[in-house]
1. Between VAL8 and LYS102, with labels modelled 7 Å along Cα→Cβ, what's the label distance in nm to one decimal, could you check?
2. Output the direction-averaged projected area (hull surface divided by four) of the convex hull of the alpha-carbon atoms of segment 41-182, in nm².
3. First select every other residue whose beta carbon is under 14 angstrom from the beta carbon of ALA146; then total the charges, Lys and Arg +1, Asp and Glu -1.
4. Tell me the net charge near ILE46. Cut-off is 12 Å between Cβ atoms, ILE46 excluded, with +1 for each Lys or Arg and -1 for each Asp or Glu.
5. Considering only ASN159, PHE145, PHE107, whose Cα is most displaced toward the positive end of the charge dipole of segment 107-188, charges sitting on Cβ of Lys, Arg (+1) and Asp, Glu (-1)?
6. About its Cα centre, how strong a charge dipole does segment 41-182 have in debye, to the nearest 20, once Lys and Arg get +1 and Asp and Glu get -1 at the Cβ?
7. Want the number for HIS53 to LYS150: 0.36 nm per residue separation, take away the alpha-carbon distance, what's left?
8. Quick one: check the C-alpha center-to-center distance for segment 123-183 versus segment 41-80, whole angstrom.
Amino acid sequence: MRSWLPLVLVILLISAGLWFSESPPEQLLGKRPTPQQQNRAADLIIKDAETRHFDQGGNLAYRVDAEQITYFQFKRRDRANLKEPRMLFYQDDKPKWSTNSKRGTAFNRGEKVVLTGKVQIDELPPPGGIQLKTSKITIYPDREFAETDKVVTISSGPNRTTGKGMRAYLKEDRMEILSDVKSSYGTE
């Protein structure tokens, strides 16, 4: 029995050493990451993402493409950070509105999308449609509704309207500028 005791002790020491060397210090000390640290880690990163969203009738409603999507899942909500997002809205199976921006954030599985950084929305097909430019806009894709409290410029050919704040009803092809409206009209 005595001859096995040193061998058993050596095996236990080697096992303990391997366990300590493979375990992060936080686990050894019994520390768990804080909720803030846990929420900072992305759950999923997708490069060159292409998503398609359909209405209840099975028709293509809109699509979202992005250079990169970084997805975070929280207890009661989710968030996706979008790099170079492009959205394309369809009406009667044809592309109707196109959006481009530098960045975006989608909340709660895309119920609300906030686009920032040189946001441009174009009516399709070009040329001849209207073009909207602003620094930040919130889009509710399922409702085809967009709004902003920033300065907006809407142009169509030589005609140009600027103002502060806007509501856009994309399905109805209707936009309301809320204040400080200035327009200029020209001939082509």
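Values quoted throughout were computed directly from the atomic coordinates according to the rules given, and no laboratory measurement underlies them. Computed from a predicted model, the values in this text were never measured in an experiment. Cβ atoms come from the backbone with ideal geometry, glycine included; neighbour counts cover every protein chain shown.
1. 6.8 nm
2. 9.1 nm²
3. With Lys, Arg at +1 and Asp, Glu at -1, the net is -1.
4. -3
5. So the residue we want is PHE107.
6. Charge dipole, segment 41-182, about its Cα centre: 560 debye, nearest 20.
7. Between HIS53 and LYS150, full extension yields 32.1 nm more.
8. 24 Å
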